[in-house]
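Peer 1: Before we start, here is the structure in question, set down as structure tokens.
The values are calculated or read from the model by the stated rules, or taken from the named source; none is laboratory data. On a predicted model such as this, the values are computed, not experimentally measured, just so you know. Counting neighbours? That spans all protein chains shown, and the Cβs are built from the backbone with ideal geometry, glycine included.
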Amino acid sequence: MKFKLQIKVLLCLFCFIAATSVSKGQYTPWHYWTLLPEAQMNEIIGEASGETAWKTIMETGGYTKNRRPEEYRTTFYEADYFLDKLLWYGVPGARLERLPARTELTWNGIKGELWEVSPQRQKLVSYRDNAFQLTMGSNSADVKAELVWVGSGTPGEIAGVDVAGKIAVGHGHVSLIHGNARRAGALGVVAISNSRNYIDPLQIPEGRIGDVPDPESNGRIIAGFAFQMNIREGQYLRDRLLRGERIEVHAQVETSMEPNELQNIDAIIYGEDPDATAVIFSAHIFEGLVKQGANDNKSGGAAILEVARVLNTLIEEGRIPRPKRSIRFWWGPEFSGSRPWVDMHFDEIKNAYCNINMDMVGEWLSLHNAHFGLMRTTFGNAHYVNDVLENYYRFVGEGNRERVHNRGQINKIPHRIVAPFGADEPFHYSVEMHYGSSDHVVFNDFGVRIPGVMMIAWPDLWYHTSGDLVDKADPTQLRRAVVIGAAAAYTIANADTDMAVNIAGEIAGNATRRLGHQINVAMDIVSRSNAEDMTANYKKAVWLVEAHAENEKATLRSVNELASEDDKISPHIETLVESIENIKQAHLLALESQMRMKATEFGMIAPAIVLNELEKKADAMIPELAPETYKMGQGKLTVKISDLPDAAISSYPVVTRIDRTEIARLVNGENSVLMIKKMLDAQNRDETDLQDIINFVYQLREAGVAGF
């Protein structure tokens, strides 16, 4: 009877929470809020220019072009452009830093021409027409040879064709065709790419070739040359060869190896406390030196340049107060530049609150059938930056929705943010779990521990192809990205205790919705069970709810760093944490009731969650970090583990693939190893082996990173 009463009481609470969550999801667009006051938002929105950001893309990545040799010996065009703009805008601390690259030399294309000389004379391919037509890694050549068709360029297909001393033509990935053809004696290749389902028959994918392993000699065959043709033009050449035409060509390729270095640009808008950094913006403007994509990622670089201009202008003109804390900006090569930059400036930035990484933010959303995503931090770096950004994503999204269509009447669009020369369309957005593959990974590293999020538009229909041009970017989307980024950064940089309270309330409200989704997932796991897997699935569902609740609690507690009066906000934060615990308990009771209903359906006794011996061991293990390893530097965890003696590794073997960095981030003196497993499983499609987690924690202990 007592159990039934508990269920009734807590299910009432659960239903109230769920109803609140649903009603929150049906936003009232003419009554929406931002964390910043309306007057400050109006200044940011008004100052932000999507056209200015679009012009930056046009100037630095409007098309893929051959670099002049002097760029390699002086300053790359993009680095010079961004630094010049920062100085022109008066953004403080703007500087260019030069670092040695991993390799001293880098490939540079100079000329690439393929002319048909028989049966007629015509140009087939030109590097001048499109830089993607000459594949990176090609070697210089000046040869006349016959073209031969090799299909998709597999070893079997090439074996049936005499390619020695000829140029192989095939459809497929350029590096595969090149490797197989060179092993058979071909001078070079022409690849007609069909490696993805292009919507644009003019696209050419980014390609690279290199020296080819030769199994017969255990040596290597020097790379030849490779051209690429788009599908539309390549089909004419393909069809002629398939008809049996004998085509002779003249291939002229000129390349060089040039000095290679990393060029990073950074700047800082100083707060009242110049040594306190609130936010670090990052955007890579180099993905190598040949690829120069407009959206990937000149758009990210252009957007944070505009954020820097907007905030600096508003502050210097007194239109918004100088923030309490500083805001930093970084541009450079993806990963190869951000990693050394973090290492060089680690003592300056290690106490920064968070990182906002912009990668591919300028896409014309409707053209790409895309949405604008916010990729949250992992559970190991739970942080309020997620919810601050979500507040502004929703503000822009709900203020620019297609359902508010009667613009001339009462229900006009309430917060219209459209660039004067950009698209006038809805803002489709999505807030998602963590995804890496960009520079925020560097900040999220275990040894850095600056929680980083990524703003990104996806899908990109011209991703990593010759079609990634400025015509695929939209000034309206850029303006919206700038508004969101600038507002979020200023909110955090200028936050006081009152703002911290508001941010905590935002998290608590969003947590209610997020946990409401997870109970739906958990209920579905139970409802899809059969009698054989009911016990295991019920445990999985319970652990899912528990893990997400712990993440929400950690997110709330992260707000404490913003408060100037810790004793004033901490009790309030703990009250909100308790509310999360109450929601969790209500959800678990609801889940138990669902499980009991299902068990009755199967005519079985309702299963209880019983820990096995390994789970009991993991539940009793509560590792904590050695203080000196909390922020020890980027990549240092990998070094410490790799330096372990073989005996330590063999004593605690990890035999499956696990997320070592996330496990280390979750070690905090409060999470048990069993809770770490729950939190890993909640974030990943596949479960992580518990014994491997235990063994890796022991490796952390042996490396001096963690103890018990």
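Peer 1: Could you tell me which of the residues ASN537, ASN494 is closer than 30 Å to SER299 by Cα, more than 24 Å from the chain's Cα centre (by Cα) and buried (at least 18 other Cβ atoms within 10 Å of the Cβ)? Break it down stepwise before answering.
Peer 2: Values: ASN537 fails: closer than 30 Å to SER299 by Cα.
Criteria check complete, one pass: ASN494.
Peer 1: Then there's this: Just a yes or no: is a residue in segment 315-323 in a helix (DSSP H, G or I), more than 16 Å from the chain's Cα centre (by Cα) and farther than 15 Å from LEU478 by Cβ?
Peer 2: Looking through segment 315-323, at least one residue is in a helix (DSSP H, G or I), more than 16 Å from the chain's Cα centre (by Cα) and farther than 15 Å from LEU478 by Cβ.
Peer 1: So for segment 229-247 (the condition being buried (at least 16 other Cβ atoms within 10 Å of the Cβ) and under 22 Å from HIS440 (Cβ atoms)), does at least one residue qualify?
Peer 2: There is no residue in segment 229-247 that is buried (at least 16 other Cβ atoms within 10 Å of the Cβ) and under 22 Å from HIS440 (Cβ atoms).
Peer 1: Do the conditions hold for ALA531, that is, is it surrounded by 21 or more Cβ atoms within 10 Å (Cβ to Cβ) and touching a residue at least 12 places away in the same chain (Cβ under 8 Å)?
Peer 2: Answer is no for this residue.
Peer 1: Next up: Hey, does segment 685-700 have a residue that's farther than 19 Å from GLY380 by Cα and of a type outside the set (A, V, I, L, M)? Let's see the steps before the verdict.
Peer 2: Step one: of segment 685-700, the residues farther than 19 Å from GLY380 by Cα are 691.
Applying the additional criterion that residues be of a type outside the set (A, V, I, L, M) yields 691.
Within segment 685-700, one or more residues are farther than 19 Å from GLY380 by Cα and of a type outside the set (A, V, I, L, M).
Peer 1: Somewhere in segment 536-547, is a residue out of contact with any helix residue (DSSP H, G or I) (no Cβ under 9 Å at 6 or more places or on another chain), at pLDDT 95 or above and not charged (D, E, K, R)?
Peer 2: Checked against the condition, which is being out of contact with any helix residue (DSSP H, G or I) (no Cβ under 9 Å at 6 or more places or on another chain), at pLDDT 95 or above and not charged (D, E, K, R), segment 536-547 yields at least one hit.
Peer 1: Residues that are in contact (Cβ under 8 Å) with a residue 40 or more places away in the chain: find the strands (runs of 3 or more DSSP E) completely inside segment 178-278 holding 2 or more of those. Outline the logic, then answer.
Peer 2: Working: elements: 188-192, 212-214, 219-221, 225-229, 248-269.
So the answer is 188-192, 225-229, 248-269.
Peer 1: If you don't mind, there's one more thing I want to ask. Please find, among TRP330, TRP341, the residue that is under 29 Å from GLU561 (Cα atoms), out of contact with any helix residue (DSSP H, G or I) (no Cβ under 8 Å at 6 or more places or on another chain), buried (at least 24 other Cβ atoms within 10 Å of the Cβ) and not β-branched (Val, Ile, Thr). Give the derivation first.
Peer 2: Values: TRP330 fails: out of contact with any helix residue (DSSP H, G or I) (no Cβ under 8 Å at 6 or more places or on another chain).
Being under 29 Å from GLU561 (Cα atoms), out of contact with any helix residue (DSSP H, G or I) (no Cβ under 8 Å at 6 or more places or on another chain), buried (at least 24 other Cβ atoms within 10 Å of the Cβ) and not β-branched (Val, Ile, Thr) holds for just one of TRP330, TRP341, which is TRP341.
Peer 1: If we only count helices (runs of 4 or more DSSP H) wholly inside segment 29-109, which ones have 3 or more residues that are surrounded by 17 or more Cβ atoms within 10 Å (Cβ to Cβ) and of a type outside the set (D, E, K, R)?
Peer 2: Details: elements: 38-47, 50-61, 69-73, 77-89.
Ranges flagged: 38-47, 50-61, 77-89.
Peer 1: Given ALA536, ALA554, which one is under 22 Å from GLU432 (Cβ atoms) and hydrophobic (A, V, I, L, M, F, W, C)?
Peer 2: Working: ALA536 fails: under 22 Å from GLU432 (Cβ atoms).
After applying the criteria, what remains is ALA554.
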